[in-house]
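Report on the following structure.
The values are calculated or read from the model by the stated rules, or taken from the named source; none is laboratory data. Here the structure is a predicted model, which means the values were calculated and not measured. Note: ideal-geometry Cβ built from the backbone for every residue, glycine included; neighbour counts use all protein chains shown.
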Amino acid sequence: MTDLLTAALTAAARGWHVFPLAPDAKYPALHREELCPRTGPCTAGHAGWERRATTHPDVIRRAWSHGPYNTGLACGPSGLVVVDLDTPKHPGDLPPPKWAERGVTDGHDVFAALCEEHDPYGQYDTFTVRTGRGGTHLYFTAPPGLVLRNTCGEKGQGLGWKVDTRALGGYVVAAGSTVAGRPYNLALDVPPMPLPVWLAALLTPKAPPVAPLDSAAVRARIGRLQAYTRAAVRGETEKVAGAGEGVRNHTLFASAAALGRLVAAGTLPEHDATDALLDAGQKAGLGEAECRRTIAKGLARGAGRAA
Ligand SMILES: [Zn+2]
């Protein structure tokens, strides 16, 4: 049995999903979608490396019997998040100023700085692979129920310069492979630890920002209400929008109370009342949070219930 097959089987025995990479390279040794024969694993449509990655020893033996393949490890199906610490590619590949100031020279330094900042007493003794070019792959188990994708450097949810992460949609070259003649070696053979909470938090995509209230959209919704209700909303919001400093908060409360009666009667949807009053309150110069509090109290008063 070749060392390369052993590497693939060893990774699979850990429960990690593997697929063949081209010999001595890091790109998949599977046909591209344009060249898909629609047979075998692709009978029901082209299956890429992430879907074809497997832990099945027989499938692996068969695949690796065709050539001296490297092992690609599909992080998503394997339940792994791999932090990839890289080194500069050439002498001009220098850290951005904010990292240079902190004495950072590569991805290892960036990660050390992040650990120091977020978890100074953390221990990161986890499954570790040294890459062919002197980089490091730290393997962590993915938090259950959290969908993390790849990150690259500082972009998006990225952790920092020369620090990539591989998760769903990503793969790493496994230990025992060689790329351009340089071996990937197991550096620390312990089970991967759970992804630290602070890392999971940094890597979790932020919810999109709440869109600012669009006056045109509010007007369009109000326009669809019954004539009486519409007139009431228009009258109250005009009062609020025109209220001067010193009385505007009270005016907003009174108008919310007036519209609250219509909300309670079922003729005005509460969110329409809130949005129209919020729009008017902000035109009067009140802050959003303050408006929302006052509107909620006013609507409750109008509806005859406690806020
Ligand atoms: Zn295919």
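Some notes on this structure:
- Screening the candidates Gly79, Gly48 for the property of being within 16 Å of the ligand (Cβ to nearest atom), under 24 Å from the mean Cα position of the chain (by Cα) and surrounded by 14 or more Cβ atoms within 10 Å (Cβ to Cβ) yields one hit, Gly48.
- Taken together, the residues in region 113-145 that are out of contact with any helix residue (DSSP H, G or I) (no Cβ under 6 Å at 6 or more places or on another chain) and over 19 Å from Lys26 (Cα atoms) amount to 17.
- Test for Val190: is it in the same structural domain as Leu80 (by TED's automatic domain parsing), modelled with pLDDT of 90 or more, of a type in the set (Val, Ile, Thr) and within 17 Å of Pro20 (Cβ to Cβ): no
- Pairs, first outside the structural domain of Thr131 (by TED's automatic domain parsing) and under 19 Å from Gly169 (Cα atoms) in region 18-40, second more than 8 Å from the ligand (Cβ to nearest atom) and part of a loop (DSSP other than H, G, I, E, B), C-beta under 9 Å, six or more apart: none
- For region 51-60, the set of residues classified as free of Cβ contacts under 8 Å to residues at least 40 places away in the same chain, surrounded by 13 or more Cβ atoms within 10 Å (Cβ to Cβ) and more than 10 Å from the ligand (Cβ to nearest atom) consists of Val59 only.
Conditions tested, residue by residue: (1) of a type in the set (A, V, I, L, M, F, W, C); (2) outside any helix (DSSP H, G or I); (3) within 16 Å of the ligand (Cβ to nearest atom).
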position: Leu4; (1), (2), (3): yes, no, no
position: Ala25; (1), (2), (3): yes, yes, no
position: Arg62; (1), (2), (3): no, no, no
position: Val83; (1), (2), (3): yes, yes, no
position: Gly103; (1), (2), (3): no, yes, no
position: Ala113; (1), (2), (3): yes, no, no
